[in-house]
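S.K.: Please read through the structure below; I'll follow up with questions.
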Amino acid sequence: MQFTIAVHGGAGTILKQDMTAAFEKKYKQGLQLAINTGYAILEKGGTATDAVIAATVVLEDDILFNAGRGSVFTKTGMHEMDASVMNGSDMEAGAVCGIHNVRNPIQLAAAVMQKSDHVILSGHGAEEFARKQHIQFEPDEYFFSQFRYDQWQTIRDSDYYALDHSQQNKEDVFTDKKFGTVGAVACDINGNIAAATSTGGMTNKSYGRIGDTPLIGSGTYANNKTCAISCTGHGELFIKAVAAYDVSCLMEYKNMSLSDAMHTVVNEKLVAISGEGGMIGVDAQGNFALLFNTEGMYRGIKTSNGINEVAIYK
């Protein structure tokens with residue numbers, strides 16, 4: 001049985017000319033560490049669910065990615081994080097949204113799935129549940145990144161929000177969009193699949209805005225009969241498209257392959273409504289696809305039949 005792990009670290013206008021060699025190396029190292037961590041679990045016969053959680057934790061702990069430690073600043077100068085996880089064998093799922101100071105939101109989402117009767121917990125209630133489950137918290141300083149802070153400072157007094165590490169031109173208009181989310185999908189040795197997604201949201205976001213990441217069916221979905229999907233993109237459009245579940249539907253009801261179904265959603269249905277971004281997916285045979293309709297997507301894949309790749313650009 002082929003086993004597979006794939007990860008993403010966000011999609012968007014990611015151009016080689018905008019990236020220093022040192023930063024490119026760091027991004028690739030972060031992606032490689034994430035897939036190696038998940039793969040080590042699969043190699044020992046571990047579950048797809050444990051693998052995607054572990055891989056996502058690595059990306060949450062890496063300050064380069066907009067999730068966990070590297071989360072962007074909100075309108076109030078805080079960090080609000082969302083995450084979700086879904087297990088394809090029994091379709092159990094857990095998610096959290098609008099949480100503060102939790103070191104690894106994906107671990108809290110997993111606890112919601114495994115240790116509560118609920119699917120989504122939000123805000124203070126989710127944090128109270130985290131304390132009961134002995135989930136690790138960190139002080140505000142842990143989440144501070146000068147790069148993210150400077151980015152927030154440029155728009156904090158406006159009504160604009162920025163999609164992750166957007167660059168500014170001379171007119172101070174955000175021209176360069178990156179959708180900062182991390183995620184992982186896996187197929188284990190028993191043919192069970194799982195998906196996990198985590199994000200720090202949008203810079204300068206207000207009103208407790210929530211995107212597609214914690215919404216089962218929009219940003220994350222897993223069903224052994226079809227696929228496991230983790231999305232990254234302009235969340236509002238992925239919510240309207242119910243993007244992750246739409247891939248599953250095309251596979252279940254139209255008998256499409258994983259790659260064909262993902263192509264239809266990413267390059268046709270999302271494009272038709274100006275939905276920029278991408279997704280990674282696996283099926284229960286260990287097949288995989290990593291698709292995006294933007295200039296780039298931080299991504300990595302490792303399989304038991306010898307594939308091991310990390311990439312950033314088209």
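S.K.: Using a simple spin-label model with points 7 Å from Cα along the Cα→Cβ vector, what separation in nm is obtained for Ser116 and His134?
M.R.: 1.9 nm
S.K.: Any idea how far apart Met78 and Asn308 come out in nm if each label point goes 7 Å out from Cα toward Cβ?
M.R.: Result for the modelled spin labels: 4.3 nm.
S.K.: Now, a different point. Cut-off is 10 Å between beta-carbons; in what order do Tyr298, Tyr253, Tyr245, Tyr161 appear when sorted fewest neighbours first?
M.R.: Placing the least packed residue first, the sequence is Tyr253, Tyr161, Tyr245, Tyr298.
S.K.: Looking at the chain as a GNM with Cα springs under 10 Å, which of Ser257, Ser71, Ser198 has the largest mean-square fluctuation?
M.R.: Fluctuation is largest for Ser257.
S.K.: Normalised by the number of residues in the chain, what is the relative contact order in percent for Cα pairs under 8 Å and 6+ residues apart? Kindly include the intermediate steps, with their values, before the conclusion.
M.R.: On the way: 892 pairs, mean separation 81.0, N = 314.
Over the chain, the number comes to 26 percent.
S.K.: Now for a separate question. Based on DSSP H runs of at least 4 residues, each adding -39500 (n - 2.57), what is the mean residue ellipticity at 222 nm of the chain after dividing by all its residues, to the nearest 500 deg cm²/dmol?
M.R.: On the way: 8 runs with 92 residues, N = 314.
Helix-only estimate at 222 nm: -9000 deg cm²/dmol.
S.K.: Find the eigenvalues of the gyration tensor of the Cα atoms of region 4-313, then list the square roots of 5 times those eigenvalues as equivalent ellipsoid semi-axes, largest first, in whole angstrom.
M.R.: 27, 22, 18
S.K.: Which semi-axes, in whole Å and largest first, does the equivalent ellipsoid of region 213-286 have when worked out from the alpha carbon gyration tensor as the square roots of 5 times its eigenvalues?
M.R.: Three semi-axes, in Å: 18, 13, 9.
S.K.: Let me ask you something else. Under 5 Å between amide hydrogens, which residues at least 5 positions from Asn223 or on another chain qualify, with H placed 1.01 Å from N in the peptide plane?
M.R.: Ala228
S.K.: Considering only His234, His263, His134, give the residue with the highest GNM mean-square fluctuation for the chain, with springs between Cα atoms whenever their separation is below 10 Å.
M.R.: His134
S.K.: Then there is this: Charges only on Cβ, +1 for Lys and Arg, -1 for Asp and Glu: so what's the dipole of region 4-313 about the Cα centre, in debye to the nearest 20?
M.R.: 260 debye
S.K.: A follow-up question, please. Based on the Cβ-Cβ distance of Phe23 and Tyr142, what FRET efficiency does E = 1/(1 + (r/R0)^6) give at R0 = 25 Å, to the nearest 0.05?
M.R.: In this case the efficiency is close to 0.70.
S.K.: If you don't mind, there's one more thing I want to ask. Could you tell me which residue out of Met91, Thr49, Trp152 lies farthest along the dipole of region 4-313 toward its positive end? Charges go on the beta carbon: Lys and Arg +1, Asp and Glu -1, centred on the Cα centre.
M.R.: Thr49
S.K.: Which whole-angstrom value gives the distance between the alpha carbon centres of region 6-54 and region 98-163?
M.R.: 21 Å
S.K.: I would also like to ask the following. For Phe137, Phe143, Phe129, Phe65, which order do you get if you count the other beta carbons within 10 Å of each Cβ and list the fewest first?
M.R.: Ascending number of Cβ neighbours within 10 Å: Phe137, Phe129, Phe143, Phe65.
S.K.: To continue, here is another question. For a footprinting-style exposure proxy, rank Thr154, Thr20, Thr232 by other Cβ within 10 Å, fewest first.
M.R.: Fewest-to-most Cβ neighbours within 10 Å comes out as Thr20, Thr154, Thr232.
S.K.: Please compute the modelled spin-label separation between Tyr207 and Asn36, points set 7 Å along Cα→Cβ, answer in nm with one decimal.
M.R.: 4.4 nm
S.K.: To continue, here is another question. Considering only Met262, Met251, Met202, give the residue with the highest GNM mean-square fluctuation for the chain, with springs between Cα atoms whenever their separation is below 10 Å.
M.R.: Met251
S.K.: Using the alpha-carbon centroid of each, what span in Å lies between region 64-89 and region 210-250?
M.R.: 16 Å
FYI, it's all coordinate maths here, none of it is from the lab. On a predicted model such as this, the values are computed, not experimentally measured, just so you know. For neighbour counting, all protein chains shown are included, and Cβ atoms are generated from backbone atoms with ideal geometry for every residue, glycine included.
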